[in-house]
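Comments concern the structure below.
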Amino acid sequence: MSARRPTASLDRGTAAVLVAIAILAPLIFNTYWIGTLLTQMLFLGIVAASLIFLSAYGGMVSLAQVALYGIAGFAIGNLTTNGNTKGLNLGWTPLAAIPVALAITIGLGLLFGALSSRSVGIYFLMITLTFSVIANLFFGQVTSLSGFGGISGIPAPGFIGNVDHHPDRLYYLALVLALLVYALLRYIARTPFGLTLQGIRDDPVRMSSLGYNVTLHRTLAFGFASFIAAIGGVLFAYWNGHIDPATIGLGATIDVLVVAVIGGLSRLEGAWLGALVFVLINNYAQRIGFVSDRFHTLIGVVFLVIVLLSPDGLMGLWGRLGDLRRRGERPGQAPTGGSERGSGELEPTV
Amino acid sequence: MTENAVTPGAAPILRLRGVGRRFGGLDAVSDVDLDVGPGERRAILGPNGAGKTTLFNVISGDMPATAGTIEFLGEDVGQIPASGRSKRGMGRTYQKSRLFLGLSVEDNLYLAVLGNQTGHLRPFRRSRDGDIRERARELAGAVGLQGKCDALVGSMSHGEQRQLEVAMARAGDPKLMLLDEPASGLSRGERVALTDLLLELDPSITLILIEHDMDVALRVANRVTMMHDGRKIVEGTPDEIRANDLVHELYLGGRVAGAEEDGA
Ligand SMILES: Nc1ncnc2c1ncn2[C@@H]1O[C@H](COP(=O)(O)OP(=O)(O)OP(=O)(O)O)[C@@H](O)[C@H]1O
Ligand SMILES: [Mg+2]
């Protein structure tokens, strides 16, 4: 019997083709695809990757990732706008605001992590959902930082310029960051920090009797994941030029969870795959008359179908298709579906 | 029985006084005094529910005692969490295997070795990791898992997982090893191999062994503590235990052969 690691991924050939397509995309697709759909897929994928990282390697399903991404976005907005909008209008140069926005988000992420790291399972889910609700209400009510109308006219750094005029610049920035985030998360998984996190995912009691500080480690992992989410939030602020509390509302929180589950909660690649499916459905459903205002019903149905077909999402489905192909058509060898452990790291394939 | 040198009068490595653990209205362990000397091989016997595992849990720090004091190497460790007791030299196995099922054998042992060292938070690899992995493969070899280093633990047989349990407890170079029914669910051949492994352990390591299998327990131990209903009722050499009527009535007569399969 063989089993697949959570890090099991696309084979090199497929990965190379996908990266090549992504690099050449501005030559293949029109500006609407680049500027709207694919850029959105990339930063949404980064946020979803922060969720999947915590889930696949830490066994923690966090609903606070969208709040953290929003905190980074609001920080950028407050620091860089200058004039006619809500918020502090501090008028910093965009590049100087980035490290500060990341630091604020990581700081709050560490605080959230410290408060939630003793909880597991449904309690962890509920506590992180509470953070997300608090963040949403906070930015709605604290008008000096945002208010319900939100912050408009957020400038992107000079090298990106006006996003409407040069959509491919922000696209390439998002692509480079997405690839770096992916590579970093894969690398971290094999370091002492990442292996310790996986040990805690599998058995926290054993880890503390081996000498590990489980709550500290969970807290730091949460802080690290908030750094990843913050990268997505900064990109969002540049992409949208505007941020308001609805950006981090309950709907958005659930959307990112849906992205992660559609892609596969146990595979990092699933973040971007899920984001692509989500963005495409979101976009094209609006154009089909009778579904346009029932977008959430449609995505709900897609979600259900995928989860029922494959509990570890499209990446799980992809893995099983690969197994089928390799195995040929030997009868009586139907692949077993799903995982017994929820996070999908144990997937019997024989 | 081994002739392990138990220096008479040497300060005990582990010293329990009046230790108790209460779950709601149930006294799982009550008023246990225990002195275990350096290098001693102690077996703890007792019927199901006697409180043996709970005693291990309070010694290792997996759960706090609700009464009494626990001294390890002369230090009161009652307020120290499990991770701190591990760093001071305790290593343990679990009756029901607690392994990292989503990781390979080598990664499991890597974590077990790293546990008592610094650098848990290091987010990059270094040459030192190679040494730890070397040690991890050595430990796997010592329990007959050398060919299985890359196997995912969740896909291994029960017997292999039990062997890995013992290797995990050894990985931190403990001064005191607590083994909770290491032979449970093993085949006869695997039991013999395990007993040999325990007999070959460095004699300076102190061993406390919970074991229902008398062949294993009495061969390895040079002193036996018998528990019943959370209390320590008899203590002596294996010969004294064999000859004790109370032990026969409670234990040897009641449940001997086959009883060791439980809890697996
Ligand atoms: N976490 C717990 N919560 C409540 N009761 C518990 C807990 N752990 C153990 N007990 C109870 O404490 C008593 C002693 O259990 P323990 O597991 O220590 O016995 P044992 O001697 O190890 O038995 P066995 O030979 O079956 O392993 C039992 O009655 C058990 O039900
Ligand atoms: Mg027990």
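Each helix, a run of at least 4 DSSP H residues, gives -39500 (n - 2.57); summed and divided by the residues of chain A, these come to -21500 deg cm²/dmol at 222 nm.
Expressed in units of 2.2 N^0.38 Å, where N is the residue count, the Cα radius of gyration of segment B:11-92 is 1.03.
With Rh defined as the Kirkwood radius, the inverse of the mean 1/r over Cα pairs, the Rg/Rh of segment A:163-270 is 1.05.
In chain B, Rg over Rh equals 0.96, where Rg is the alpha-carbon radius of gyration and Rh the Kirkwood radius from pairwise Cα distances.
First measure r as the distance between the Cβ atoms of A:V17 and B:K96, then evaluate 1/(1 + (r/R0)^6) with R0 = 41 Å and state the FRET efficiency to the nearest 0.05. Efficiency, from the Cβ-Cβ distance: 0.35. In units of the rule-of-thumb radius 2.2 N^0.38 Å, chain A shows an alpha carbon radius of gyration of 0.99.
Take the alpha carbon atoms of segment A:82-108, find their center, do the same for segment A:282-323, and report the distance between the two centers in whole angstrom. Each part's Cα centre sits 36 Å from the other's.
Length gained on full extension, A:R294 to A:L111: 62.1 nm, using 0.36 nm per residue less the C-alpha separation.
Note on B:D31 and A:V120: their simple-model spin labels are 3.6 nm apart, each label 7 Å out from Cα toward Cβ.
Counted by Cβ distance under 13 Å from A:L179, the other residues give a net charge of 0, where Lys and Arg count +1 and Asp and Glu count -1. Across segment B:98-173, the mean sequence separation of Cα contacts (distance under 8 Å, 6 or more residues apart), normalised by length, yields a relative contact order of 49 percent. This model, with +1 at the C-beta of Lys and Arg and -1 at the C-beta of Asp and Glu, gives the protein assembly as shown a dipole about its Cα centre of some 1500 debye. When the Kirkwood hydrodynamic radius is evaluated over all pairs of different C-alpha atoms of segment B:98-173, what value in angstrom, to one decimal, is obtained? Its Kirkwood hydrodynamic radius stands at 12.3 Å. Rounded to the nearest 0.05, the FRET efficiency derived from the C-beta distance between B:E75 and B:D229 at R0 = 30 Å is 0.50. Placing unit charges on the Cβ atoms only, positive for Lys and Arg and negative for Asp and Glu, gives chain B a dipole magnitude near 880 debye about its Cα centre. For chain B, the membrane-span-like helices by this rule, meaning whole DSSP H stretches whose C-alpha atoms cover at least 15 Å of axis and whose Kyte-Doolittle mean is -0.5 or above, are B:188-199; this says nothing about an actual membrane. Note on B:A10/A:R326: beta-carbon distance plugged into 1/(1 + (r/R0)^6) with R0 of 45 Å gives a FRET efficiency of 0.15.
Helix content alone sets the calculated 222 nm mean residue ellipticity of chain B: runs of n ≥ 4 DSSP H residues at -39500 (n - 2.57) each, divided across all residues, give -9000 deg cm²/dmol. Summarising the strand pairing of the protein assembly as shown, around 60 percent of its internal DSSP beta bridges are antiparallel.
Secondary structure note: in chain B, about 55% of the DSSP beta bridges are antiparallel.
Taking 0.36 nm per residue of separation and subtracting the Cα-Cα distance, full extension of the segment from B:R126 to B:R242 would add 36.4 nm. Across peptide B:94-106, the mean count of Cβ atoms from other chains lying within 10 Å of each residue's own Cβ comes to 5.
None of the figures in this text is laboratory data; all of them are computed from the coordinates on show. This is a predicted model, so every value here is computed, not measured. In this analysis, Cβ positions are derived from the backbone assuming ideal geometry, glycine residues included, and neighbour counts consider all displayed protein chains.
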